[in-house]
1. Over all pairs of distinct alpha carbons, what does the Kirkwood formula give as the hydrodynamic radius of the chain, in Å?
2. Just to be sure I understand the model, the point goes 7 Å from the Cα along the line to the Cβ. What's the resulting Val36 to Arg52 distance in nm?
3. Divide, for the stretch 28-127, the radius of gyration over alpha carbons by 2.2 N^0.38 Å, where N is the residue count.
4. Compute the length gained on full extension between Met152 and Val18: take 0.36 nm times their separation in residues and subtract their Cα-Cα distance, giving the result in nm to one decimal.
5. Set the Förster radius R0 to 25 Å, insert the Cβ-Cβ distance between Val88 and Asp137 as r into 1/(1 + (r/R0)^6), and round the FRET efficiency to 0.05.
6. Leaving out ligands, DNA and RNA, what percent of the accessible area of the chain is carbon and sulfur, probe 1.4 Å?
7. Say R0 is 25 Å: what FRET efficiency, to the nearest 0.05, do Glu26 and Ala65 get from their beta-carbon distance?
8. Please find the FRET efficiency linking Asp191 to Asp81, where r is the Cβ-Cβ separation and R0 is fixed at 35 Å, and quote it to the nearest 0.05.
Amino acid sequence: MTAPRPDARTSLREQVYVQLRERIIEAEYPAGTRLVEREIADELRVSRVPVREAMQRLESEGFLAVQPRRGAVVTEFGPEDAAHLFAVRENLEGLAARLAARHASPEALRELEELLTRARRAAESGRLREAVSFNADFHRAVVELSGNPLLMDLMAPLDSRLRRLFRLTSEQSDGEPMCGAHEQLYEAVRDRDEDGAESLARAHVAATRTSALRVLKDRWNQAG
């Protein structure tokens, strides 16, 4: 791992936060890993202040928990956590899809279609992790197409948790059904079918919930 590179557009605090968050999402720091502020600061060649601030932010977002005598520990992401996430997602993503169908510009639709093409190619080539990443980008793009800043602010904290969930379940997931569901949603948004777009988005979240919870429960039982 390399130290965060200085970037005029991004504060050092933000760079440290992003790097630690990505390590958790990618399971480089698995659940139960103890994060030591001093050791991370030394590794990244930064002071302890941005590390402390990044860890506090990750704690507020549910990625870390402070435990007695252990300090900051990477949290588990279990079936109950996923169920709570999906309950919120179903409503917010349904609204996002409806608004996207109302507001999406031709240029934005072309970009959405390009994401679908990349995801489909990756899935057909067996590059499942890459397909999952493109599909996560698709979800994010639909929210951005809603044109509603408040909705985007509400969804932003969920995005990282969603990516962590996809990372945990991707190896046992099938990218083809996900691509197909996204293609149907794209067509509804393109055709300005607000009711259809919302219905498809909700149905897709519900279907994803079923498969993801099954994978997580199997993992949970094996670990227990």
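The values are calculated or read from the model by the stated rules, or taken from the named source; none is laboratory data. Quick caveat: nothing in here was measured; it's all calculated off a predicted structure. No Cβ is skipped: glycine too gets one built from the backbone with ideal geometry, and neighbour counts run over all protein chains shown. We work out accessible area using only protein heavy atoms, side chains counted, and drop any ligands, DNA or RNA first. Shrake-Rupley method; radii C 1.70, N 1.55, O 1.52, S 1.80 Å.
1. 18.7 Å
2. In this crude label model, Val36 to Arg52 measures out at 1.8 nm.
3. Cα Rg divided by the expected 2.2 N^0.38 Å: 1.57.
4. Numbers: separation 134, 0.36 × 134 = 48.24 nm, distance 1.86 nm.
Taking 0.36 nm per residue and subtracting the Cα distance, the gain is 46.4 nm.
5. It comes to 0.80.
6. 48 percent
7. So the FRET efficiency works out to roughly 0.85.
8. E between Asp191 and Asp81, to the nearest 0.05, is 0.50.
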